[in-house]
1. Report, in whole Å, the centroid distance computed from the Cα atoms of the range 18-58 and the range 98-156.
2. Using a Förster distance of 22 Å, how high is the FRET efficiency between residue 1126 and residue 511, based on the Cβ-Cβ distance and rounded to 0.05?
3. If you plug each phi of the range 1129-1140 into the Karplus form 6.51 cos²θ - 1.76 cosθ + 1.60 with θ = phi - 60°, what whole-Hz ³J(HN,Hα) values come out, in order, with x for Gly and Pro?
4. Please work out whether the range 1113-1212 counts as rounded, prolate or oblate from its C-alpha gyration tensor, where a ≥ b ≥ c are the square roots of the eigenvalues and a/c under 1.5 means rounded, while otherwise a/b larger than b/c means prolate and anything else oblate?
5. Using a 1.4 Å probe on the protein heavy atoms, what percent of the accessible area of the range 805-876 belongs to carbon and sulfur?
6. Once you have the Cα-Cα distance between residue 566 and residue 719, take 0.36 nm times their residue separation minus that, and quote the gain in nm to one decimal.
7. Where the centre of each part is set by its Cα atoms, how far does the range 1199-1265 sit from the range 921-937, in angstrom?
8. Quick one: accessible area per residue over the range 828-872, 1.4 Å probe, rounded to a whole number of Å²?
Amino acid sequence: MNFTASEIKGHWGRCIGDCGSGGLRSRAVWCTHAEGWTTFHANCDQQDKPESQRRCFKVCDWHLELFEWEVSGWDRCGLVSAAGAEAGAKLCVTAQHGLQRRSVRCLQKLNRTVVSSEICEYFSPQPPAEQACLVPCPRDCVVSQFSGWSPCGTGCAGGLQHRTRAVIAPPLYGGAPCPNLTESRACAAPACPLGEEEHTYSLRLGPWGECRLPHPKDVELAGRTMLDLGSDSGERSTSGPAGSHPHHHAGEVEIGYQTRQVRCVRSDGKHAELSLCLQDPVPVTSRSCVVPRDCAPSEWSPWSRCRRSCGWGGLAPGLRSRRRSVRSVALGAGRPCPELEEKEACSGGGMAPLQPCPRFAWRTSEWKTCQVSLLLDQQDPHHQKQAGLCGGGIQTRVVYCAQIIVELGTHQLKEVARPVDGKLCHGPAPATSQVCHLPCPAECAVSSWSPWGPCLPESCQHPLLFPGFRMRQRQVVVDPVGTLAGCPHLVESIPCEDARCHEWLVSEGPCVTDRGKCGPGHRVLQAVCQSRKGEEVPHHLCSELPRAEAVACEVPCARDCVVSEWSPWSPCSHSCSSKNAEGTQSRSRSILALPAEGGKACPPERALQEQRACNEQPCVHFFWEASPWSSCSQDVLGTALNATSSWSGEVACGVGIQTRKVFCRKSSSGQVTPKRCPESVRPEAVRPCLLPCRKDCVVTLFSEWTPCPTACQPGNATAVKQSRYRIILQDSANGGQACPDTLYEERECEDVPICPVYRWKSHRWSPCVLVPESVRQGLPGAAEACGHGLQSRAVTCLSEQGGSAAVGDCVRWAGAMPALVQECLVPCKDDCTFTPWSKFTACSSDCNTTRSRRRSLTGRSRKRDKCQNTEVYPQVETEPCPCEVFTSQPHGNWSDCIIRGGPSQLQLGMPSQGVPRECGQGVRLRAIACYDKTGRLVEPSRCSSSGYIEEPCMVPCPFDCKLSDWSSWSPCSSSCGPGVRVRSKWLKEKPYNGGRPCPKLDLRNQVHEAVPCYSECNQYSWEVGPWSPCEINSEQNSLHCGEGIQTRKVRCVSTAEDHGVETVPSALCNEAEVPETVQKCSLYCPSECAVSDWGQWSPCPQVCDPNIMQTRTRQVLRSPVSSKPCPEVSQMKPCILNQNCFQYQYNLTGWSGCQLGANATCGHGERRRLLSCRRSDGATVSMQLCQQLHLEKPVPTSSRCVVGCAVDCQLSPWSAWSQCSHTCGAGGQMVRGRSVVLRAAGEGRPCPEQLTQHRSCPVKPCYSWLLGPWSPCTIQGGQCGDGLQVRNLTCVVHDASVSAASKPVENALCGELPSKESVLQLPCSVPCPGDCHLTEWSEWSSCELTCISGRSFETSGRQSRSRALLVQSAENRDSCSGQDVETRPCSGGKCYEYLWQTSPWRDNVRTVWCQRSDGVNVTGGCPLRTKPAEVQHCSPACRKPFSYCTQRGVCGCERGYTEVMRSNGFLDYCVKVPGLEDKKADVKNIAGKNKPVNSKMHDIFKGWSIQPFNPDGKLKIWVYGVSAGGFFIIIFLIFTSYLMCKKTKQHQSPPPQQKPLTLAYDGDIDM
C-alpha cells in the first residue's frame, strides 16, 4: 500500500536530572499518515526523524540567587505599521497607537553573561518586552516665514535675488518633510546693450592635487633634491635606473610635490583669461609634500587560549585576544594605524569542566567571651580593673566577606569559605559587637546552726565499736554559682561518752498515798523506749538501760506546808564548757500555803532552788573539710559511675571524674586525726562528671594571594610583594587543637614581567627639498629655486643594548615617534637673512625687570635697506622676567572641626590613652588657591605647604551624669518578719554636651535602692526570770498570808548562736508582747484549801468558733481543815477570734526591684519577694507557727529579671580621607566617614548625627588645551575657491569653575596634544560668482516639547537649525540642490499650539496663515483639515453690476448703492443713493464710506435697504420714475386742496403707499 507519512513532534517536556547542565528533556515523536492517522515508525523515513531527547540546564531552587532578569528601559514609542490602507483614512485627533519595546534577558549575576530564558522563568515569569503606547499625531515640518528679498545688483544684468526661511521644528511621527527653504527670482534690471556687460573678475584657487614623486629625469637633473636616507647609518640609498622608485626603508620618507589650478572667474560664472585676475604676489601653485603612505600593521598573532574564570555548566562565555604590531608608520595623509589588539567572546570547546563561579556573603567568627570591662570603660575609662566583674558586658566577633565555593551537581550547597575584599559583599554587614551577660557568681548561703543533738553512736548496729558524737547541722539556703569555693561545712560534731541509740522516756503518774488521804506515797512511772529521733521502738532495745519503776512523793495534809512543782529547767547559760565558763541551768519552786501548828514545816529557802551543770561538752568541735573539686579529667581507672542519666540534655563528650581531698579539722586549730570526725558524714572525695567537648581551633582558608601586577614593571622598580591572610573563627578549648601561629603571609611576586626598553634614534636632517624645476617653470610665478620646502630624516628603533629593532616595538614601548619631516626655507636672493637668536640676558632678583635677546643680519642682507627696517625685521626682543611672587586666597567653606588622629595628652573628660580622641582641641581647615603675579593659578604648595589655612577649634566633650558610690545598707526596718534595707547615691556632677542622663533623682538629688529583708521573729525575745515569792502586805495582815503580789525580771535577749543569751535594747523586742512583770498571788493561810497554779489553756480549734470553749484546770493540793469550800479548779471561755484564738496564713510582700550581683552594673538579676507568717490580727509572727500548721507556701518567691545596660554608641575609627572629588580646580571635596559599630542602648550616649566629615581640597590648577574658534575661510592669494580654515590650540590654566577665567601658560604643562582635537586646519571653500552654496546655519530654534492636549509627552524637547541653498545664476538652478537641517535634544522646553489665523475679507478673499501660540507666524504645524476658507462663493454667483458676495453667502450691493430685492429674497439690482456726489454730503455718509468693507452692520443694512446709485455712481432709472411720479402727485395735491378749500366739507386724502427708500449709512452704528 502506497501512502505518504510524516513525523509529528510533541512539545518538549520539563528538564529532569541533576542540577546544572546535566539535565535532559524529551518529547514524543510519532509517524502519521497524510490523512492524519498514526502509523508505525517504520513507515516514516528514519533519516528525517526529529530528535526526541536534548540536553538542558536543570534549574534548582538554590540557583535563585545566581540568575536574574535584566530589563532595559523602554525605548521610544514607535508607530505600528498600519495593516492595510484604511488605517490611513482614519483621522488622527490627539494621538495614535504605537508600540514600545525593551530588551529582557536572563543573566548570570556573577559575570553578567546571557543565559537561556528558561532558567529565569523557573523562578519568575518573563517581564513583558513590548507594551502599547500613544504616539502623538503626525506633525509636519514647521518653518519660519520668509526673510525679505536680498538686494539686486546695480546696473544691467541684475541676476537673481533670494529670500530664505529656517526650520523651526522637524517633521515628527510620520509628518510631511520640510519644504524648500529658499526662493529666488530674477531681478528686474534692464537688459544690457550687446557687448557692454559690466563684469567683475575673481581669482579662483582650486584644491591641492595629490602628492606625486618627481619624474625620474627631474631626479637626475636635480639629484640634490632627492632625499638621502640612512646617510648617518652608512647605508647610502641608491637611486635605481630611470623610472624606478627609490628603495623603501622602515622609516623612509618620500618627498614629492603637489600643484593646484588657478582660474579667473567672471561675475556671471564664466571663465576669463588669467591675465584679467592676476595680481602681485602671484599665488603659490606648487609646493613640496610628503608622499602619503598608510600605516602597515603586521599580521595578527594567533588567538590566545579561551580564558574563562568560572562558569555554571556551559553558560558563561570566555574571552580571547590577539595582537599585531606596527611595521611602518603612516606618512603624510596616509591612513593612521588601526587597533592593535582585539578581544572577542569564545566558548570553551572541549575544555575540562570549569570551577563553579564563587558567590560572596558575609560570614562571622564565633562571639568572643563577654567582657564587662568594655562596658565599664565607656562609663569611666579610669575605672580600676577589678576581678570578678559580672553582669552586662560587650562581646565582639570578626565579620568578613567570604567567597563561597559551591560544589555543583548536588541538591545542597557544600560551602568552603575564604575571606575576600569586603566590597564584593552586598547588603549590610552583620554587627561586630553586641551586649552580653556574664552570670554573677553567687556565694553559698547557709542557715544558722541547729541545736546540738544528743550523744549518738555512729552505728546503732554496733554501738560499742564506734565512738559517740553530738552533732549539729545547717542547711544550704542559696546554692553557689560560678565560684570555685563550694559551701562551708554543714555538720559539726563533738565526741562524747555514754552514746546511746535509744533511751527510756519516763512519764510520772499522780502521787498515790500509801495510807489515808495524805502523807507519804509514791508515783508510778510509765516508761516508753524511744529512739533518738523521737520514735517509739520495741522495749527490748532499751532492755539494757536501767530504769526506775516508782518514785517517792508526798501529799500534803491539811496542816502541812504546800510547795509547788519544780519549774522547768532554765536554758543553759553556755552552749559549751571551757576552762573559764561552764554551762549551768536552774529550776525553782515556791511555797503555796503556810503550815498550821503541828503541821509539816516549809523547806528552807535554799531548798526552793536547784542548779545543775549542762552543755558539758567542750567548746572544741570537729568537722570535715574538703578542698575544691579538681577539673573534670579522663577516668583512667574506671572509678566513675557508668550512669549519665542525670545529665540528660547537656552536650558532653563522655564521663570523667573529679577528685578532692577530705580531712578532719578542729575548730580552734588545724587538721586532726580523722577519728575525731564521724565517718558516717564524711564527704565523698571522688565524683563522676561530664567531660567538656574538645574544641579545636577553626580558621578560614587563606585568602587568595593579592594579585601581582599583570602590566610590566620598569626594570628599576622595587620588588612587588603579595600577601594573604586568614581569620580565626573559633578558639580552641578543653585541650583542642591550638590555633596556628601564622595568620598573615607575605612573599615576593614571581615572574613579574619587566617592561622592555626601546628608544627612538633620530638621524641627520636631509637638505631642503623644493618643487622640481621642471614643474616650477610650467607654472606662473618666479622660477628661482628658493622658498619653502620640506626636509626629512630617518628615525630608527634601538633596543636596550643598542641593536636595531622593529618599529612596532618602539611604537608600543618608546612613546610618540619623533617628527620625520619638517618645513625648511631656502632663502631667495631678495630675502633678509639673520643669525640665530642669542640666549636671553640674565634676570636680576627684582620682579619688575626685563630680559632681551638679539640677532643680526648676515650676508647681503646687511646692505639692503628693507632689511634694516627694525619694525618689520626686529633685531632685539625683550620680555618681562619671570616673577616668583605668589598670593593666596581662601577658597570654599571652613571644614568641620577635625580632631587630629592618634591618642594625645589627656584632657578633662577625655578617654585614656590608646583610644582615638573624639573631642577637645582640634583644627578646622580652609582650602586656598595660590596665584602668581599675573593672576594665574599655580600649585597651592607654592603658597602653603599643606594647601590650607588652619585655625584651632573645640569639639565640646560630653560629660556624663556622675553619682557618688552607694552608701552602706541601712539595718532591716523590721525586727520580726519582712522589712526593707535602703542605700542611696547622690548627685556629684550634672550631664552636659550630650553626656549620659541622670536617673530620676528625688528632691535632695539622691537616688535610692531598697531591698527586702527578713528578720527572724525569735531572733530577739523577752526572757522572763522566776516569780519572786508572794509578798503579803504585812501592815494589813498579821498572819502573813492571803492576797499578795509577786514580781519577776523581764529582759530582751538575742538568741544568736554560739553566744549564750545576750541582753539587747528592749526596742528590738515586740513592745506589744512584753510579759507581765507583776502579778497578784495568793499565799494560802494555814488550814485553808490550797490549789496549784492554773495549767495551760486547752487549745482552740484551727477555725475559731465561739461555741467551742477553752478550758484550764488546777489541782487541790491541800484539803481545808474546815468545811470551807476550795476555790474553783476549772475555768472555761469561748474561742473568740483575735482574742484568745488566732488564725495564721502565709503573706507575700511585693516584688523587689531587680537585684544584681555585687560586681554587676547591669544585666541579668533576680527580683525577690519575701514570705512571712501573719496572724489574723495583722501581727507578723514566727514562721514556725505557719510551718506547724503545714500551710501551702505561695510560689515563686524569686524570678529572673534584666536591668538594661546603658551602652554608649560605639563608632569605628575615622576612615582615611578620600581622594579629592576633583583632580584639579575648585569645588573638590574630601570625605572621611565612620560607621556605627554598636548602637546606643538604655541611657547610653546616643550616636552623633555626623558620621561623615568634609573638607575642601586645595585648589590645584587645571591645565587644558583650549581650542580657539575657526577663522573665516582664507584663500591665500585668491578671491574664491578652495582655502583653509585654521584655529589655535593653546594651553590654559583655570580652576574648573563655571565662571573660570582661563590664562595661557606654557604648552608643556598640558602634556600630550589631544588626538581628537588635533585638527587645527580644515579645507573650506568661498563660493565664486555663479556658484550655488549653502548659507550659514540659522540660529537654534526655541526648545519645543511634543505634547498631547497641552501635556508634555517627553521629558526632553527638540530644537532645530537649518542651512538654505543659494543659487547665484539662473543657469545653475537645476544642477544645484540640497539643504541641511540639524535637530538636537534640549531641556526646559515648552508646549506650543499651532492655530489658524485669518485676515478680514476683502473682495471675497482673505489671507489665512498658521501662528504658533507664542505669536510666531509659521508654515506647517496647523492641521490642514481645519484650515479656514480663503475665498468666498455665492450661489447663484453675483453677476449684477455693483453687487458682491457677502459673508453670509448672499449677494449685496457695494458701498454707495442700495439693494432692490426680488420677492424670493434674491438681489434684483443695485440703485445709487442720491446726493452722494455732493461734496457737502452728510458727514455720516462720508464716514461710512471710509469704513472697512467687512462691517457687519453694513451687510445687515444692505440686506433690506434700497440702493439708489449704480456702481458707476449715476442715478438708477427707477429714481427718475419715482421723482416724476412724486412731481405729479404734488401737482395733484395742490389741485385737490384748491378744490377742497372751495368746498365746505374738506376731505384729507391719505398719501399713496411707497416702498421705503433708505440711505445706506454703510452700517455705521455710531449715529
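1. 42
2. Numbers: r = 18 Å, r/R0 = 0.80.
Approximately 0.80, to the nearest 0.05.
3. 10, 9, 10, 10, 8, x, 7, 9, 4, 6, 10, 10
4. Working: a/c = 6.08, a/b = 4.90, b/c = 1.24.
Here the range 1113-1212 falls in the prolate category.
5. On the way: 2430 of 5010 Å².
Of all accessible area on the range 805-876, carbon and sulfur atoms account for 48 percent.
6. On the way: separation 153, 0.36 × 153 = 55.08 nm, distance 11.07 nm.
My answer for the length gained is 44.0 nm.
7. 25
8. Working: 3550 Å² over 45 residues.
Heavy-atom accessible area per residue stands at 79 Å².
The values are calculated or read from the model by the stated rules, or taken from the named source; none is laboratory data. Small disclaimer: the values here were computed from a predicted structure and weren't measured. As a convention, Cβ positions derive from the backbone with ideal geometry for all residues, glycine included, and neighbour counts pool all protein chains shown. Note: areas computed on protein heavy atoms with side chains; ligands, DNA, RNA excluded. Shrake-Rupley method; radii C 1.70, N 1.55, O 1.52, S 1.80 Å.
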